[in-house]
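Take a look at the structure set out below.
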Amino acid sequence: MPTETFEFQVEARQLLQLMIHSVYSNKDVFLRELVSNASDALDKLRLEKLWDDSLDAEVSDLHIEIDIDKEARTLTVRDNGIGMSYDEVGRLIGTIANSGTAKFLEELREARDAAGEEGLIGQFGVGFYSGFMVADEVTLLTRRAGESQGTRWTSRGEGTYTLETVDDAPQGTSVVLHLKPADPENQLHDYTSPWKIREIIKRYSDFITWPVRMVPERPATADESGEAPEPETLNSMKALWARPRDEVSDDEYHELYKHIGHDWRDPLETIRLQAEGTFEYQALLFLPAHAPHDLFTRDFKRGVQLYVKRVFIMDECEALLPPYLRFVKGVVDAADLSLNVSREILQQDRHIEMMRRRLTKKVLSTVKDMMTKDQDRYATFWREFGTVLKEGLITDSENRDAILAVASFASTHDESGPTTLKQYVERMKDGQEHIYYLTGESRQSIENSPHMEAFRERGIEVLLLTDAVDEVWADAVGEYEGKQLRSVAKGQIDLDAEDKETSDGEREKQNEEYAGLLGWMKEQLDGDIKEVRLSSRLTVSPACVVSDANDLTPALENMYRAMGQ
Ligand code: ADP
Ligand code: MG
C-alpha cells in the first residue's frame with residue numbers, strides 16, 4: 001500500500017495548534033503522556049494474553065524503553081505492548097476519539113482567559129499530541145500484537161498526517177520525536193540529556209508498574225569494544241497505595257491520579273483506606289475536581305482499577321462502588337482474589353460486597369469532612385457531583401442519611417449560596433412543621449411560580465430544586481429528621497395552620513360564601529380537574545393548578561412519558 005495522506009479532524013487540528021504554539025512553561029509533561037500510553041498498552045497486552053493464550057505475542061519481557069540520539073536530536077519512547085492496527089492508528093491518533101474535546105477546548109479557552117496562557121497550559125497534557133510541544137515532527141511505528149503488518153504514522157502537526165504499512169515492525173509501538181532545535185538560552189528543556197529524562201520519569205512516572213528503561217549514552221571511544229551498555233531502570237515501580245502514607249507526597253498521588261484518571265488536573269481529594277483482617281485490601285481513591293462531560297451518558301466508563309497483590313487485573317471495575325459514585329477514580333488492591341477473577345464473579349462475591357459498602361461509606365465520610373474543614377472544596381465538589389450523588393438518595397437507603405447530610409440545595413433564603421437541610425431546619429419559623437420545596441427548570445421559573453406567592457409573603461423558606469432527579473428523591477426520601485418534605489405545588493398546603501391568621505370558623509364561612517362560584521368553576525372545568533377550592537397559598541395570582549399529594553407532578557409525568565411508561 002502506498003503512503004496515504006490524511007487531514008486531521010477539526011478539533012484535533014485546534015488542539016495541535018495549541019500544542020505547537022503554546023509558550024508553555026511545563027513542556028516536560030509530554031513524556032508523562034507517552035509513558036502513560038505505553039503503560040496502558042502493556043496492561044492491555046498482558047490481559048489480552050491472559051484471556052487468549054493463543055494470541056501470537058511475546059509477553060515475557062514487557063517494558064518501556066527510552067532512547068536518546070543526541071546527534072539526530074530524536075527521543076524515542078518504545079513499548080512492546082498491544083500496538084495498534086492500521087485502522088486503529090487512523091481512528092485513535094488522527095482524530096480525537098473523545099467526544100468531549102470540543103467542550104474541553106472551550107473550557108481551555110475559558111480557563112485561559114482567567115489564568116493567562118502561561119499559567120494554564122502548564123497544568124495539563126493532552127495525551128499523544130503533547131509530543132508536538134517539543135517536537136516539530138513525530139513518527140509512530142506500531143504493530144498490533146497478533147498481526148503481521150505494522151503501520152507508520154508521521155506528522156509535522158500542521159493539518160495532515162501520513163499512514164503507510166510496514167512489513168518488519170516489531171510488536172508494540174515506538175514514538176520518535178524529532179526535537180525542535182535546541183535553545184541555547186534554556187538548558188532546562190534539553191530533552192537529549194539523560195539527566196533530564198531521568199528526572200522527568202522520576203517525577204511523573206515513578207509508580208508506573210512496568211520498567212521504564214534507558215540506555216545510557218555510549219562513550220564515544222567505547223564503540224569498538226562491542227559491549228552494549230546495560231540499560232538502567234528509571235522508575236521504582238512501587239505501588240503508592242502500598243507505601244506508608246507519610247512517605248508519599250501529594251504530588252506523587254496527583255501524578256498517579258492523572259495517569260489512571262486520564263485527567264490533566266489535580267484531584268480535589270485523595271482518599272486512602274487500609275483494610276486488615278480476613279479480607280485484606282488497600283484502596284487509594286480520588287475525587288476529581290471536575291465532572292466529566294459524559295457523566296450522564298449511557299456509556300460512561302465508571303469504576304476504579306482492580307489490582308490483586310500489585311498486579312493490574314482490570315480497569316473500570318464497577319462492582320467496587322455504587323453507580324452514584326461512578327465519578328470516583330482510583331485503585332483497589334485486594335490480597336485474596338484470584339488473578340482470573342471475572343466481572344461476573346465480582347458482582348456476586350460477598351467480600352466484594354463488603355468492600356463496596358466500606359468504600360462507599362469512606363467516600364461519603366470524606367465529603368462530610370470536606371464540608372466541615374474546607375467549605376470551598378466542598379462547594380466545588382457539590383457543584384460538580386451533587387446531581388449524581390442525589391441518585392443515591394433513591395437507590396441506596398443504607399446511606400441515605402449520610403448523603404442527606406452532605407447534600408445542599410438552592411433556597412429562597414440566600415440567593416448566592418445553597419443551604420443544607422440541617423441549616424434549613426434550624427431556620428424554620430415557629431409553628432412551621434414541614435420542609436418546603438418546589439421543583440422546576442430553573443431558579444427563575446420556580447421563583448415566578450404562583451405557588452411561591454404565599455410562601456414569599458409569609459417569609460417561609462422554600463428549597464428550589466432544579467435537577468430532574470430532585471423530584472424523585474424528594475418523594476422517595478419523604479422526610480428529614482422527622483420533618484416532612486413537602487412540595488409547594490402538591491396537595492392542600494395549609495399555611496394558615498402555620499401562621500394561625502385565619503381561624504377554622506372564618507375558613508368555613510368563606511367556603512360557604514364562595515360555594516356557588518366554586519361549584520360553577522368545577523362544572524366548567526369538568527374532566528380537567530378533580531376539585532376547586534379556596535386557598536391561602538396565593539397573594540397576587542387569582543388561581544393556580546395544584547396536583548394531588550399523590551399525583552405525579554408535571555415534570556415527573558414528562559419523565560415517565562419519555563421513558564415510555
Ligand atoms: P488517552 O491515553 O487519554 O486515551 P492519548 O491521546 O494519550 O489519549 O491516546 C489516544 C489513544 O491512542 C489511546 O487511547 C490508545 O488507544 C492509543 N495509543 C496511544 N499510544 C499508544 C501506544 N503506545 N500503544 C497502543 N495504543 C496507543
Ligand atoms: Mg494517554
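The numbered conditions (1) modelled with pLDDT under 95; (2) out of contact with any helix residue (DSSP H, G or I) (no Cβ under 6 Å at 6 or more places or on another chain); (3) surrounded by 15 or more Cβ atoms within 10 Å (Cβ to Cβ); (4) not aliphatic (A, V, I, L, M) are all true for TYR253 except (1). Checked against (1) among the hydroxyl-bearing types (Ser, Thr, Tyr); (2) over 21 Å from the mean Cα position of the chain (by Cα); (3) in a helix (DSSP H, G or I), TYR378 passes all but a single condition, namely (2). Residues considered: ARG91, ARG203. Of these, the only one that is away from ligand 1 (no atom under 16 Å from the Cβ) and modelled with pLDDT under 95 is ARG203. Pairing each residue of the stretch 259-282 that is farther than 22 Å from LYS361 by Cβ and among the basic types (Lys, Arg) with any residue that is at pLDDT 90 or above and not in a strand (DSSP E or B), provided the two are 6+ apart or on different chains, yields C-beta distances under 7 Å for ARG265/ALA289; ARG265/HIS290. Just one of the listed residues (ALA12, ALA38) is modelled with pLDDT under 85 and within 13 Å of ligand 1 (Cβ to nearest atom), and it is ALA12. Taking the stretch 381-401 as the range and being in a helix (DSSP H, G or I) and basic (Lys, Arg) as the test, the residues that pass are ARG383, ARG400.
Considering each residue of the stretch 225-250, count those that are over 22 Å from VAL311 (Cα atoms) and surrounded by 15 or more Cβ atoms within 10 Å (Cβ to Cβ), and give that number. Steps first, please.
Narrowing the stretch 225-250 to residues over 22 Å from VAL311 (Cα atoms): 225-232, 246, 249-250.
Retained after the next criterion (residues that are surrounded by 15 or more Cβ atoms within 10 Å (Cβ to Cβ)): 231.
Going through the stretch 225-250 one residue at a time, the tally reaches 1.
Table: residues versus (1) assigned to a helix (DSSP H, G or I); (2) in contact with a strand residue (DSSP E or B) (Cβ under 8 Å, 6 or more places away or on another chain).
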| residue | (1), (2) |
| --- | --- |
| ILE403 | yes, no |
| ALA410 | no, yes |
| LYS422 | yes, no |
| ASP430 | no, no |
| GLN444 | yes, no |
| ASP470 | yes, yes |
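Taking residues in the stretch 425-454 that are more than 19 Å from THR466 (Cα to Cα) and at pLDDT below 90, and partners anywhere that are surrounded by 15 or more Cβ atoms within 10 Å (Cβ to Cβ) and hydrophobic (A, V, I, L, M, F, W, C), the pairs with Cβ atoms closer than 6 Å and at least 6 places apart or on different chains are ALA454/LEU495.
The values are calculated or read from the model by the stated rules, or taken from the named source; none is laboratory data. These numbers come from a predicted model, not from an experiment. Quick reminder, even Gly has a Cβ in these numbers, built from the backbone with ideal geometry, and neighbours come from all protein chains shown.
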